[in-house]
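The values are calculated or read from the model by the stated rules, or taken from the named source; none is laboratory data. All values derive from a computational prediction rather than experimental measurement. Here the Cβ positions follow ideal geometry from the backbone for every residue, glycine too, while neighbour counts run over all protein chains shown.
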């Protein structure tokens, strides 16, 4: 919908409140400012909660059409590595439409991603979780993290365990540790040495860019990246449950590099 049409629609909605506006006018004449303020607050709350076009708070600076990320993915596979590209083709509120391409095979597909939960949908079916991004500027050392388990560990002793795979993955929220906040951590990226933080558990270690929340490097064990699960539906099935991800290229701005961070700290 174009902006002139939205404005016209809003004007029509406000016309419905003509009686209320006349009431406000009478209050202004009587100088009853408290009632005026209360009435305006109630009107604004009603409009914001009932409008079908509520404003979505933008959580990521890179969340716009045309932004892409390419990863080198290593694993127990026939090829030494795969080039996995994901590109945003459309954004509607908290849903991003993402084109996923396996550059080694020129295979591609489109998925929908809820950027608030990282859940991935294909043909209206939830197929898993993406680990390609997480929070920006984390402050806590422990956070909730949505994770897809594809089995469970059975412990025989304190140090010996066996992984038992399951036929179907289970998506659950777990508590994870964050390191690299104080003192800050850094990692190499295509744009230089960036500040990062690390999320780790028994089944994964993920390095996220501090300024953008984008995955810079990561290791997954006994869990699956949903973007690869989507590619498998195109007929390519060459991926293992163990995989390493390294950001290879992007047109997104990852923020200041280490030298720029140092300059900023000197100014404080």
Residue identified as in a strand (DSSP E or B), in the same structural domain as residue 88 (by TED's automatic domain parsing) and at pLDDT below 85 among 153, 220: 153
Which numbered condition residue 77 misses (of (1) at pLDDT below 85; (2) closer than 21 Å to residue 224 by Cβ; (3) touching a helix residue (DSSP H, G or I) at 6+ places or on another chain (Cβ under 8 Å)): (3)
Meets criteria (surrounded by fewer than 20 Cβ atoms within 10 Å (Cβ to Cβ) and in a strand (DSSP E or B)) for residue 97: yes
Residue match in the range 223-237 (condition: within 17 Å of residue 118 (Cβ to Cβ), in contact with a strand residue (DSSP E or B) (Cβ under 6 Å, 6 or more places away or on another chain) and in a strand (DSSP E or B)): no
Residues satisfying the stated conditions in the range 246-268, i.e. at pLDDT 90 or above and in a helix (DSSP H, G or I): none
Test result for residue 90, more than 16 Å from residue 249 (Cα to Cα) and more than 20 Å from the chain's Cα centre (by Cα): no
